[in-house]
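Data block below; observations after.
The values are calculated or read from the model by the stated rules, or taken from the named source; none is laboratory data. In this text the structure is predicted, and so the values were computed from the model without any measurement. As a convention, Cβ positions derive from the backbone with ideal geometry for all residues, glycine included, and neighbour counts pool all protein chains shown.
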Amino acid sequence: MPSKTKKLLDLIGSIESAKGYNYEFGNREVPLDQMTIEEVLEHQKKRRKEGKPSSAVGRYQFIHKTLEDLARRNPNDLPKDALFTPEVQDKAAEMLLQRRGLSDYEAGNLSDEEFLLNLSKEWASLPNPETGASYYDKDGLNKSLVPVDAVLEAARTVKQPEMTEEEMLARQRQQVSMLRGIP
């Protein structure tokens, strides 16, 4: 997963599916990482026909319509015969971030509030920044599971310049020195 979006995707993944990549809506474990995208899509259709309230699967709880659209629009990056591994799920989530304005946000062309609103439209457990509730709060199925400030903090990390490991260590040493009062 790209390091600039890691904190944001980790937050989204931990809220959407705290148990990880192989879970579907309702915290039911499914070996998704051993299924192709096509098999996952078929599984989602079957679950909906069984009357399940949601087709959401994986760490980022992709609904059938979203996953199908991502695979259709990105056949080279998300071929339907590819296994639905953690790496593939991370790649698909990154695509959703882009679709919701990540590049514009990084460039300063979207405000924090606009970007967070876009994210809340994609991931129902994230809050609408205007209300603090899920964008889909009134559907009886979804609710926000994290404060706006936590999402904002994670989102703002995508605007920070990337640092090498050496630069990160130097920054940490500098912070420790400042805390100890060492110039």
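Values as computed for the structure displayed
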{"quantity": "Which listed residue, of 36, 5, is within 27 Å of residue 144 (Cβ to Cβ) and polar (S, T, N, Q)", "calculated": "5"}
{"quantity": "Residues located in the stretch 104-124, provided they are of a type in the set (Ser, Thr, Tyr) and modelled with pLDDT under 95", "calculated": "none"}
{"quantity": "Hits in the stretch 1-56 (condition: exposed (fewer than 15 other Cβ atoms within 10 Å of the Cβ) and hydroxyl-bearing (Ser, Thr, Tyr))", "calculated": "3"}
{"quantity": "Spans of helices (runs of 4 or more DSSP H) in the stretch 1-77 with at least 1 residues free of Cβ contacts under 8 Å to residues at least 24 places away in the same chain and in contact with a Leu (Cβ under 9 Å, 6 or more places away or on another chain)", "calculated": "37-49, 64-73"}
{"quantity": "Output for the stretch 64-78, where each listed residue is touching a helix residue (DSSP H, G or I) at 6+ places or on another chain (Cβ under 8 Å) and either of a type in the set (S, T, N, Q) or surrounded by fewer than 18 Cβ atoms within 10 Å (Cβ to Cβ) (or both)", "calculated": "66, 74, 77"}
{"quantity": "Single residue of 112, 81 found to be loosely packed, with under 14 Cβ neighbours inside 10 Å, more than 25 Å from residue 139 (Cα to Cα) and touching a helix residue (DSSP H, G or I) at 6+ places or on another chain (Cβ under 7 Å)", "calculated": "81"}
{"quantity": "Scan of the stretch 135-149 for residues that are closer than 19 Å to residue 52 by Cβ and outside any loop (DSSP other than H, G, I, E, B), ordered by number", "calculated": "139"}
{"quantity": "Unique match (being in a helix (DSSP H, G or I) and surrounded by fewer than 18 Cβ atoms within 10 Å (Cβ to Cβ)) among 120, 103", "calculated": "103"}
{"quantity": "Single match in 120, 111, 103, 134 (criterion: more than 19 Å from residue 158 (Cα to Cα) and among the small types (Gly, Ala, Ser))", "calculated": "134"}
{"quantity": "Which numbered condition residue 88 misses (of (1) assigned to a helix (DSSP H, G or I); (2) more than 12 Å from the chain's Cα centre (by Cα); (3) surrounded by fewer than 19 Cβ atoms within 10 Å (Cβ to Cβ))", "calculated": "(3)"}
{"quantity": "Whichever residue in the stretch 147-176 is modelled with pLDDT of 95 or more and hydrophobic (A, V, I, L, M, F, W, C) and, among such residues, is surrounded by the most Cβ atoms within 10 Å (Cβ to Cβ)", "calculated": "151"}
